[in-house]
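Throughout, read-outs are computed from the coordinates displayed, never taken from laboratory work. Note that this is a predicted model, so its numbers are computed, not measured. A quick note on method: Cβ atoms are made from the backbone with ideal geometry, for glycine too, and the neighbour counts reach across all protein chains shown.
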Amino acid sequence: MSHHWTTRLGLPRPLLLGYAGLLLFMIGDGVESNYLSPFLTDRGFTDGQAASVITAYGVAAAIAAWFSGTLSALWGPKRVMWLGAGIWAVFQIVFLAAALPTDNYTVVLLSYAIRGLGYPLFAFSFLIWVIAVAPVKRVGTAIGWFWFGFTGGLPTFGSLVASGSIPLVGEYGTLWVALVIVVAGALVACLGLKEPTGSRPMVENATFKGQMIGGIDILWRSPKVALAGIVRIINTAPQYGFFVFLPIFFTKTIGLTLQQYLLMVTLMFAANLPAGLIFGALGDRIGWRRTVTWFGCVGCAVATLAIYYGPMAFKDNFWVATVCAMFWGFILSGFTPIPALLLSMGRPEDRGSAFAVYSLGAGLAAFVGPALVAVFRPLVGVHGLVWVFTLLYLAAALMSHFLKSPSDPQYREDAMPAPAKENPQPISG
């Protein structure tokens with residue numbers, strides 16, 4: 001048995017450079033996440049136009065997330081990662097060199113939306129690679145490390161880079177800094193990864209048509225997979241919604257400066273980093289579903305209320321706002337075991353299709369969150385919107401009750417009768 005430090009930490013050793021590249025890539029992708037909306041409105045775009053740009057980006061991200069599973073099954077994750085990085089870089093240049101200098105709304109909308117195809121193809125294809133390589137008993141922990149890199153970049157260190165770069169080169173110049181960081185991350189991951197699994201198709205003899213049909217009909221062949229996909233949407237939909245309205249709420253209503261807000265967001269998701277590792281390991285120990293239900297769903301419902309009512313009770317208080325935000329960022333990682341849970345519920349030959357559902361859920365969250373803000377903020381304001389997100393998390397807790405799988409550590413513990421443990425019988429497959 002290997003006692004290398006990566007093994008003890010639950011990191012698949014052959015994928016170390018992939019994790020490093022993912023972190024860099026997502027730092028670059030997350031640079032503008034918490035200032036793009038006010039940046040666009042300061043340039044003369046309306047609030048509605050800024051929201052539409054971000055919503056279009058979310059739609060593109062959802063489409064790309066769905067295709068990350070399908071294309072990885074056909075081509076292998078590594079080629080899909082190259083594709084995602086290329087799309088991101090090319091359309092970031094179009095966005096910066098053609099769209100923003102002319103302030104042409106149509107070009108801004110299209111270029112930024114198409115750029116949204118890039119990060120899900122890169123990141124979620126790498127997640128498929130992680131799940132394929134990680135030992136079964138440590139898959140939750142390995143996924144926790146993936147989210148450490150993903151969230152470490154978007155928006156944790158991305159916001160930190162923005163807070164340091166904006167005073168030096170301005171908001172527009174910082175977007176060029178983001179491009180450099182993304183390209184560096186893509187090169188580290190795609191050139192540095194030598195592990196052979198990701199360089200070949202994930203499904204033998206897969207066809208594009210077969211993967212697309214499988215990714216759709218699994219929704220009614222396996223209702224639990226569909227339900228898990230909905231829970232995955234709810235997982236981060238509020239996070240993407242926060243990116244739209246929290247900058248304005250905290251700077252205009254609570255009274256923080258933009259620099260304070262960016263620091264708050266950095267600390268908010270810094271709390272998320274160790275939490276992903278903690279909840280990944282906890283899921284491997286006490287059960288994936290149990291962790292998702294109580295820490296992810298119920299925990300986030302409580303934290304969503306705290307991130308609004310806490311700062312409202314102590315306006316102009318940076319540290320109260322930050323503590324509430326850090327609590328939300330920490331407990332969000334209670335959803336870490338979802339991929340392991342979802343992929344364990346279908347047939348082995350359906351793993352690619354099940355992951356397509358997971359990826360679609362992750363991508364749709366980037367659309368659903370801003371869309372909910374666009375619909376509900378004019379009707380019920382920020383206060384009502386916070387309750388909409390809270391009720392969504394409680395609904396997810398009810399749905400997750402039905403996500404039971406024989407592979408779940410909790411299920412194996414709870415469902416295995418004592419005689420069976422003493423006199424194990426062969427399991428037919």
Determine ³J(HN,Hα), in whole Hz, for all residues of region 270-282 in sequence, where each value follows from phi through the Karplus function 6.51 cos²θ - 1.76 cosθ + 1.60 and θ = phi - 60°; x replaces Gly and Pro.
5, 5, 6, 5, x, 4, x, 5, 4, 6, x, 5, 5
For region 82-119 and region 123-202, write down the distance between their C-alpha centroids in whole Å.
19
To the nearest 20 debye, what charge dipole does region 22-157 have about its Cα centre, counting +1 at the Cβ of each Lys and Arg and -1 at the Cβ of each Asp and Glu?
620
Please identify, among ALA396, ALA98, ALA321, the residue showing maximal mean-square fluctuation in a Gaussian network model of the chain using a 10 angstrom Cα cutoff.
ALA98
Label model pair ASP47, THR207: point-to-point distance (7 angstrom along the Cα→beta-carbon line) in nm is 5.2
Cα to Cα, under 20 Å, and not fewer than 8 places away if on the same chain: which lysines meet these conditions relative to LYS78?
LYS194
How large is ³J(HN,Hα) for each residue in region 53-68, as worked out from phi by the Karplus curve 6.51 cos²θ - 1.76 cosθ + 1.60 (θ = phi - 60°), to whole Hz, x for Gly and Pro?
4, 5, 5, 4, 4, x, 4, 4, 4, 5, 4, 5, 4, 4, 6, 4
Length released on extending from LEU398 to LEU219, taking residue separation times 0.36 nm less the Cα-Cα span
62.6 nm
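By per-residue mean of other Cβ atoms within 10 Å, what is the highest-first order of 218-225, 305-312?
Order by mean packing, descending: 305-312, 218-225.
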Over the chain, what is the relative contact order in whole percent, taking alpha-carbon pairs under 8 Å and six or more residues apart?
25
Please enumerate, by chain and number, the lysines with C-alpha under 23 Å from the C-alpha of LYS137, excluding those fewer than 8 residues away in the same chain.
LYS224, LYS404, LYS421
Can you tell me which of GLY214, GLY363, GLY198 moves the most in a GNM of the chain? Springs connect C-alpha atoms under 10 Å apart.
GLY214
Give the residue from ALA61, PRO167, PHE402 lying farthest towards the positive end of the charge dipole for the chain; charges sit on Cβ (+1 for Lys and Arg, -1 for Asp and Glu) and the dipole is referred to the Cα centre.
PHE402
Do the sum for the chain: with -39,500 (n - 2.57) for every DSSP H run of n ≥ 4, divided by all residues, what is the mean residue ellipticity at 222 nm, to the nearest 500 deg cm²/dmol?
-24500 deg cm²/dmol
Karplus ³J(HN,Hα) for region 169-175 (6.51 cos²θ - 1.76 cosθ + 1.60, θ = phi - 60°; Hz, whole; x = Gly/Pro) runs 10, x, 5, 5, x, 5, 5
Please name whichever of PHE242, GLY352, MET268 sits farthest to the positive end of the charge dipole of region 5-408, dipole taken about the Cα centre and charges placed at Cβ: Lys and Arg +1, Asp and Glu -1.
GLY352
When the dipole is taken about the Cα centre of the chain, and only Lys, Arg (+1) and Asp, Glu (-1) are charged at their Cβ, what size is it in debye, to the nearest 20?
800
Which lysines, on any chain, are close to LYS315 with Cα under 20 Å apart, when same-chain ones fewer than 8 places away are left out?
LYS252
